[in-house]
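The values are calculated or read from the model by the stated rules, or taken from the named source; none is laboratory data. Source: prediction; values computed, not measured. Every residue, glycine as well, gets a Cβ built from its backbone with ideal geometry; the counts of neighbours run over all protein chains shown. Heads up: the accessible areas ignore ligands, DNA and RNA and are worked out on the full protein's heavy atoms, side chains in. Shrake-Rupley method; radii C 1.70, N 1.55, O 1.52, S 1.80 Å.
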Amino acid sequence: STIYIQKAGDQYTVFYKNIEGNQPNTNLKFSFKDLDGDFETLYTIIMEGYNAVPISDIKLDLPDDTVWLHYTRNLQKNVTLQFMSKNKITGATGISDYMSRDDVNSLFGRI
């Protein structure tokens, strides 16, 4: 898969292959600590977005990164999600591949 999550202690890191920009196919990542059920909260926020299809991206302010949840509805009415991230230290930006609801369930170990 081009997107996967690794857990080390209480920290989750989302790795993804960048599909856009000046450096396509580079691997990027963003991390967060699971302090107050943040892993579950992220899953819930993402899944709610599939139902609501927000007009503007949902912005997540993480310690080292800013992440946007970008939803798109295609002509078949299928909703997909992309992660867009910017590292606060390096300035590196990237966009993940499109993910369906099933892709996200798989990513979060729900299947």
> Gain in length, Asn27 to Thr13, computed as 0.36 nm per residue apart minus the alpha-carbon separation, to one decimal in nm?
Replying inline: 3.8 nm
> Say we join alpha carbon atoms closer than 10 Å with springs in a Gaussian network model of the chain; which of Ser56, Ser96, Ser31 then has the biggest fluctuation?
Replying inline: Ser56
>> Using 0.36 nm times the number of residues separating Tyr98 and Ile58, minus their current alpha carbon distance, what extension gain do you get?
In response: 12.8 nm
> Of Ile45, Ile95, Ile58, which is the most mobile in a GNM of the chain whose springs link Cα atoms less than 10 angstrom apart?
Replying inline: Ile45
>> Just want the answer: with Cβ charges of +1 for Lys and Arg and -1 for Asp and Glu, which residue in Trp68, Ile45, Leu35 is farthest toward the dipole's positive end in the stretch 4-94?
In response: Trp68
> At 222 nm, what helix-only mean residue ellipticity would the chain give, in deg cm²/dmol to the nearest 500, using -39500 (n - 2.57) for each DSSP H run of four or more?
Replying inline: -6000 deg cm²/dmol
> What whole-number value in Å² describes the accessible area per residue of the chain for a 1.4 Å probe?
Replying inline: 61
>> With semi-axes √(5λ) of the Cα gyration tensor in Å as the read-out, I listed (1) 24, 15, 14; (2) 24, 19, 15; (3) 20, 18, 13; which label goes with the value calculated from this structure?
In response: (3)
> Quick one: with all protein chains in place, what share of the accessible area of the chain is carbon or sulfur, to the nearest percent (1.4 Å probe)?
Replying inline: 48
>> Only four residue types carry charge here, +1 at the Cβ of Lys and Arg and -1 at the Cβ of Asp and Glu. Report the dipole size of the chain about the Cα centre in Debye, rounded to the nearest 20.
In response: 300
